[in-house]
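Written out below as C-alpha cells is the structure these notes cover.
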Amino acid sequence: MRNTKWSLLLVLGLVLTMFLAACSGGGSEDEGSGNEGDGENTEETDEGSEGEGDSGDDASGASNETLRLTEGSEIPSMDASKVQTSTGIQFVTAVQEGLYRLAPGGEIVDGVAKKSETEVSEDGLTWTFHLRDNATWANGDKVTAGDFVYAWQRAINPDTGSVYGPYLMKGNLKNATAIANGEMEPSELGVEAKDEQTLVVNLETPVPYFDSFAAFPTFYPLHKEFVEEQGENYALEADTILSNGPFKMESWDHGSSWKLVKNEDYWDASNVDLGAIDVRVVKERATSVNLYQTGKVDKAGLGGDFIDKYKTDSDYKELQETVLFYLKFNQDSATQGEKMQNESFRRAIAQGFNKEDYVNVVVGNSSIPANYFIPTGLDKHPETDEGFRDINGEMLKFDLEKAQEHWSKAKEELGFEEVELSFLSGDTESAKLTSEFFKNQLEKNLPGLTIKLKQVPFKERVRIENASEYELTFSGWGPDYADAMTFLDLWVTGGPNNDMGYSNEEYDKLINQARTDLATKPVERFEAMLEAEKVLLDDAAIAPVYQRVRSVLQKPYVKNMDQLNPFGNDYSYKFVEIEK
C-alpha cells in the first residue's frame, strides 16, 4: 500500500503517468517502472498490433502475420560492433545472427554454427566452431569464418570505438588486452579462419560462459566489403544494414518508427513464423496503453497507476527479470569529483532513500527493492546450487539514521554545509517521475543537499555517461551472459563500462583472479565473486535501487513472448508466433 507521505509525488505520477525502458546488457534504458518501452540497458519491450498485420500462411506453414510493437526510445545504431543499448541489442539479434542464438527462456541454440559439432580443447583454451554451408547474407554471399574474424578484429580495434568489444574480449581472447591498449595490431587477436567453414578461437584463459558470448551481437559476423562500402553510415539507415538473420530492416524513420520483414534467404526461414515486425517510438505510457486497447499493438508495458488499473485483466502479465537499477556516483566528475570520492558522502546517499517507496510509488508492481548488486536468480553455487543472493544476503539497506550520520561525517570531512548535485536522467515520463522521486527523497533526508534535474533524450544521455560528464545518475544493467561476472567486471579500474571512475585494488584483484587463476576452479571462483560484491557495496561504489519485474498487457494470440531471456536480448523474435 502506498504511503500517504508521498501524496504529492502521486499527484505528479497522475500527471506524468509513465513509460519506461531499460539492457543488457551493458547503463540501462529503463528508468523507473517495470514496463516495456524505453530504455538503456535492459531494453524496452515489444508491443505489436492486431488487425493491421499481413495475414495468410505461406507455403512453409508460417503465418506471415505482422507483430506490432512500441519502444520508448530510438535505436542509436544497428552496428553489432558498437551497439550497447538494450533496444539496439534486441533488434540487432533479429536482423543478424552469430555462431549461436538464444531461444525463449535463454536456451543457447544453433545459429550459423552447429552446437553439436563445436569442439573445445581439454584445457578450455581453444574453441573450434563449424559453420553451416547454407548460411548466407541477404545479398546472396555465403557467411564465412572470415566474416567472424573481420567482425571480432573490428570490435577490439580501438579505432572502432566499441564499448562491448574490449569489455567482453579483454582478458578472454588471446591478445585482446594488448590490442585494446594499442600495443598490438587487431590481426593478432586469437581468432582465425581455418577455412571458410571452420572458425578457431584461442583464449587467454578458460571462459566457462563462452557459449553465451557466441550468441551475443559483439561476436556476430560482418560482411567486410559491405561495411567498408558504407563507411561512417554503416548500420545507421535501413539500407546500410546487411542481414544474415531471420529478418531484414525494411524502413527506419529515426525517432518515429522502424519495420523489419522476414528474410526469405535466411537458412532457417521455414521456421520463422512472423512476416514482419512494426515498431513505433512511443514515450508516453498512456499512448501505448491506448494503442493496445484500440487493437493497434499486441503488447503494452505498464507502470504505476496503469498497473493498478489492469492488474486483474486477463491479458495482464508480470515478467521476471535479472535486471538491476542503481545510482551511479561519478568520481571523475569535473565539478563534484571530490565529494563523489568520499565514502561517507556516497554512503549517505546510498542509504538515504526508501527503496520500498520507490517500488510502490514509481514502479507499482512486484519488483524487488534491491540491497545487493547481483540479481536474484542469476547465478548459483557450482556445488550446492545455493543462489548467489541467498549466500551473500543484503547490504546498503535504507537506514535514515545511518544515512544522516554519514551525511554529517561527509560535511565535516569535506567542509561544506550545502551542496548542489546534478541528477542526469532520460526524458521519458517514467524517467521524469524517477528523477522527481530521488530529488524529493534526498533533499528531504539529507539537509543541505539540492538536486538539480538534467533530463535529456536517451541518445544524449548515453553520450554524457560514456564521456563521464555527469555527477549523479540513475542507471541499470541487464546480463549479457549467464554468469555473475557480467555484472561484477563493470567496475574494474579503467574498464570500458566504468564511466564513474571507481577504483579499488582489492576489487580488481578478486575480479582478475576469478577471470584467470580460478577460471578452472568453479567453487573458488564463485567465492571470489561473492567477496567482490561485498567489497563493491562496502565502498558504496553504487547505490542499488531495485530489481525489475515487468508488467505488461499481451494479446493471448502472441506466443513465445511470455518470458524474458535471463541474459542478452530480452526476446527471441525468430520463435515468436501469432495464432489467431
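Odds and ends about this structure:
- Residue count for segment 138-149 under the criterion of being surrounded by fewer than 22 Cβ atoms within 10 Å (Cβ to Cβ) and in a helix (DSSP H, G or I): the result is 1.
- Any hit, segment 486-505, residues being hydrophobic (A, V, I, L, M, F, W, C), within 22 Å of the chain's Cα centre (by Cα) and open to solvent by 10 Å² or more (accessible area, probe 1.4 Å): yes
- Leading residue by the ranking (nearest to Gln331 (Cα to Cα)) among those in segment 540-573 that are in contact with a Lys or Arg (Cβ under 8 Å, 6 or more places away or on another chain) and open to solvent by 10 Å² or more (accessible area, probe 1.4 Å): Leu564
- The lone criterion from (1) at pLDDT 95 or above; (2) open to solvent by less than 30 Å² (accessible area, probe 1.4 Å); (3) not aromatic (Phe, Trp, Tyr) left unmet by Pro479 is number (1).
- Condition check for Glu97: within 21 Å of the chain's Cα centre (by Cα), open to solvent by 40 Å² or more (accessible area, probe 1.4 Å) and within 18 Å of Asp268 (Cβ to Cβ): no
- In segment 118-137, residue surrounded by the fewest Cβ atoms within 10 Å (Cβ to Cβ) [restricted to those that are hydrophobic (A, V, I, L, M, F, W, C) and within 16 Å of Gly98 (Cβ to Cβ)]: Trp137
- Filter pass, Leu530 being open to solvent by 10 Å² or more (accessible area, probe 1.4 Å), touching a helix residue (DSSP H, G or I) at 6+ places or on another chain (Cβ under 8 Å) and not in a helix (DSSP H, G or I): no
- Thr312 over 30 Å from Ile374 (Cβ atoms), assigned by the TED database to the domain that holds Asp499 and either in contact with a helix residue (DSSP H, G or I) (Cβ under 9 Å, 6 or more places away or on another chain) or part of a loop (DSSP other than H, G, I, E, B) (or both): no
- Taken together, the residues in segment 73-95 that are assigned to a loop (DSSP other than H, G, I, E, B), of a type outside the set (Asp, Glu) and closer than 23 Å to Pro158 by Cα amount to 10.
- Residue within segment 184-205 that is in a helix (DSSP H, G or I), among the hydrophobic types (A, V, I, L, M, F, W, C), at pLDDT 95 or above and open to solvent by less than 20 Å² (accessible area, probe 1.4 Å) present: no
- Residue count for segment 301-330, restricted to those that are at pLDDT 95 or above, open to solvent by less than 20 Å² (accessible area, probe 1.4 Å) and over 19 Å from the mean Cα position of the chain (by Cα): 2
- Of the listed requirements (1) over 26 Å from Leu564 (Cα atoms); (2) open to solvent by less than 20 Å² (accessible area, probe 1.4 Å); (3) in contact with a helix residue (DSSP H, G or I) (Cβ under 6 Å, 6 or more places away or on another chain); (4) not acidic (Asp, Glu), Lys409 misses just one: (2).
The values are calculated or read from the model by the stated rules, or taken from the named source; none is laboratory data. Everything quoted here is computed from the prediction, not taken from an experiment. Every residue, glycine among them, receives a Cβ derived from its backbone with ideal geometry; neighbour counts consider all protein chains shown. Heavy atoms of the whole protein, side chains included, go into the accessibility calculation; ligands, DNA and RNA do not. Shrake-Rupley method; radii C 1.70, N 1.55, O 1.52, S 1.80 Å.
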